[in-house]
Amino acid sequence: MRILRKTCIALFSILFLFSACTPSNTPEASTRTPPPKATANASGANTPTPAASSLEVEKEALRGAQVRVWHPWFGAEASLFMTQVAKFNTDNEWGILVSAEGLGNYSELFLHTDAALTESAQPQVVIAFPEHALAWGDHVVDLKPYVNDPAYGLGPAAVADFPAAIWAQDEVDGKRFGVPAQRTARFLLYNRSWARELGFDSPPATASEFEEQACAAHKALGMDTDTNNDALGGWLIDTDAMTPLSWMIAFGGGVQEEDGYRFLTPGNIAAFRFVKSLQLKGCAWVASPDLTVSERFAKRQALFATASLEDLPEQSRAFSVENNRDEWTVLQFPGAERQALVVYGSSFVMFESDEATQLAAWLFMRWMLSAENQARWVQSTGLFPSRSSTMNLLADYSVSHPQWAEGVKLLAQGETTPQLGSWRLVRLMLADGFRDMFDTIRHPDLTEGQVPLLLRQMEATAEDLNQ
């Protein structure tokens, strides 16, 4: 709770940021799997162990080693994870026993883990955001020796199998704070069919082309017979933190500068002025909550919308409900001279214990990173495959999920979120500030000319949160 109070106090210092700061939702009932009984003939010949290891842990020391894992998932994700934990316990050749406990969401997991660290009662592994691992600092085990171990490591070929945007997120200042568990990205959704009817044969590659198409869609709705949609069309504004970050990077900006933050830059000013000017021209608009984003996009109320990779199945269902056969796809965020895609998500993080338990934890993490297990995750969650080779197992899924497949093609151009522990707080502030910029009830006179003042206040708050 001390983190939430700090966030709320800091946000009051921003001139335009008046959004309320509320605690995270209460998690669903925790899901637990008790440690299974060890079997005398635990097998798993699919993972042969070479003799030469630099970790100095005897194989017999792994027999019966117990690894406790905390995760943030519920529903289908939790169910799949529990199934995989049970399979590992049955199949692994060392007799390692993994137990898993669900804490409902990432916020609750961070708070429980933070408290457990002070009481020396932490689990051996958590699935958390990379910025969480950075905040826990010295409690987190550097995984480089495990990744590079000649006997138990991944090997150079396997490491190269991870796309850079996925693998690089967990490595800071020469230390590997985790390995990827899940990765997603925020995309622009684009209705190709409607765009063609408006006279555009290709998606926008620059911000000026984006504005041209968004304003054309707004104008088209204003000229039809339905007066209720005159304020719609164009881009349906979204204020998830990854959306403003993507726009900023697309315009040559960003928020991290060395070990701190810098918001007041030419690129960030250009990005915020661009999206605010779209709203002032009527080419971008804020929706009321009576319909979901997926419903509005399927109803042709917006030429562009914004969604994460895991939202795409819901969007497909919305088109089916509307009996809408429009062709749609996913795009990066366009800037003046480049485009941007921000990749983010959770990682397996290991805490210090004894050497045998740490190796046992690593072997479970390594097993979860196999292409086969990653394929199961994709089919259940709709997220990125962490390894390129996983695509060999997802041919049918790619065919049945064409927008997901288009998103995966963009992964090579992905970039990471700020690699600072305070990003867990700063991203909340960024989302609140971006939301307030479009709030015409609270700030009816706010124009693009006031963007530098907004960014200056955001930068000052970010510096406070980074202490």
Using the Cα centre as the reference, give the magnitude of the dipole from point charges on the C-beta atoms of the stretch 150-222 (Lys, Arg: +1; Asp, Glu: -1; all else neutral), rounded to the nearest 20 debye.
-> 220 debye
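Size of the dipole of the stretch 69-182 about the Cα centre, Lys and Arg at +1 and Asp and Glu at -1 on the beta carbon, nothing else charged, in debye to 20?
Rounded to the nearest 20 debye, it is 180 debye.
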Please name whichever of ALA100, THR113, GLN213 sits farthest to the positive end of the charge dipole of the chain, dipole taken about the Cα centre and charges placed at Cβ: Lys and Arg +1, Asp and Glu -1.
-> ALA100
Round to the nearest 10 and give me the degree value, 0 to 90, for the angle of helix 451-465's Cα axis relative to the longest principal axis of the chain.
-> 20 degrees
Among PHE274, PHE251, which comes first, then next, by fewest other beta-carbon atoms within 10 Å?
-> PHE274, PHE251
In terms of Cα to Cα distance under 12 Å, which aspartates and glutamates are near enough to LYS59, apart from those fewer than 8 places away along the same chain?
-> GLU93, GLU355
Relative to the Cα centre, what is the charge dipole magnitude of the chain, using +1 at the beta carbon of each Lys and Arg, -1 at the beta carbon of each Asp and Glu, and rounding to the nearest 20 debye?
-> 360 debye
Please work out the Cα center distance from the stretch 73-90 to the stretch 374-432, rounded to the nearest Å.
-> 20 Å
Could you order peptides 429-436, 149-156 by the average number of other Cβ atoms within 10 Å of their residues, highest first?
-> 429-436, 149-156
Roughly what % of DSSP beta bridges within the chain run antiparallel, to the nearest 5?
-> 70 percent
Have a look at GLN358, ASN324, LEU80 and report the one farthest towards the positive end of the charge dipole of the chain, computed about the Cα centre with Cβ charges (Lys/Arg +1, Asp/Glu -1).
-> ASN324
What net charge is computed for the residues neighbouring THR440, neighbours being all others with C-beta under 15 Å from the C-beta of THR440, Lys and Arg scored +1, Asp and Glu -1?
-> 0
Going residue by residue through the stretch 114-129, the Karplus relation 6.51 cos²θ - 1.76 cosθ + 1.60 with θ = phi - 60° gives ³J(HN,Hα) values, rounded to whole Hz and with x marking Gly or Pro, of 4, 5, 5, 5, 6, 9, 6, 10, 6, x, 7, 9, 10, 9, 9, 6
Environment charge of SER308, counting only residues whose C-beta is closer than 15 Å and scoring Lys/Arg +1, Asp/Glu -1 = -4
Option label - Cα extents along the principal axes in Å computed here, alternatives (1) 68, 56, 44; (2) 97, 57, 43; (3) 75, 49, 40 | (3)
Can you list residues whose amide H is under 5 Å from VAL141's amide H, if they're 5+ apart or on another chain and H is modeled 1.01 Å from N?
-> MET350, PHE351, GLU352
Roughly how tilted is helix 423-437, in degrees to the nearest 10 and between 0 and 90, from the longest Cα axis of the chain?
-> 10 degrees
Any trypsin sites (Lys or Arg not before Pro) in the stretch 314-408 that lie in a DSSP loop and have at most 10 other Cβ atoms within 10 Å would be ARG325
So what is the calculated 222 nm ellipticity per residue for the chain, using -39500 (n - 2.57) for each DSSP H run with n of 4 or more, over all residues, to the nearest 500 deg cm²/dmol?
-> -12000 deg cm²/dmol
Treating the angle as unsigned and between 0 and 90°, give the value, to the nearest 10°, between the Cα long axis of helix 75-91 and the longest Cα principal axis of the chain.
-> 20 degrees
For THR206, net neighbour charge (Lys/Arg +1, Asp/Glu -1) across residues whose Cβ lies under 14 Å away | -3
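Laboratory data are not the source of any read-out in this text; all were calculated from the coordinates shown. Because the structure is a prediction, the values reported are computed rather than measured. Here Cβ is always computed from backbone atoms with ideal geometry, including for glycine, and neighbour counts include all displayed protein chains.
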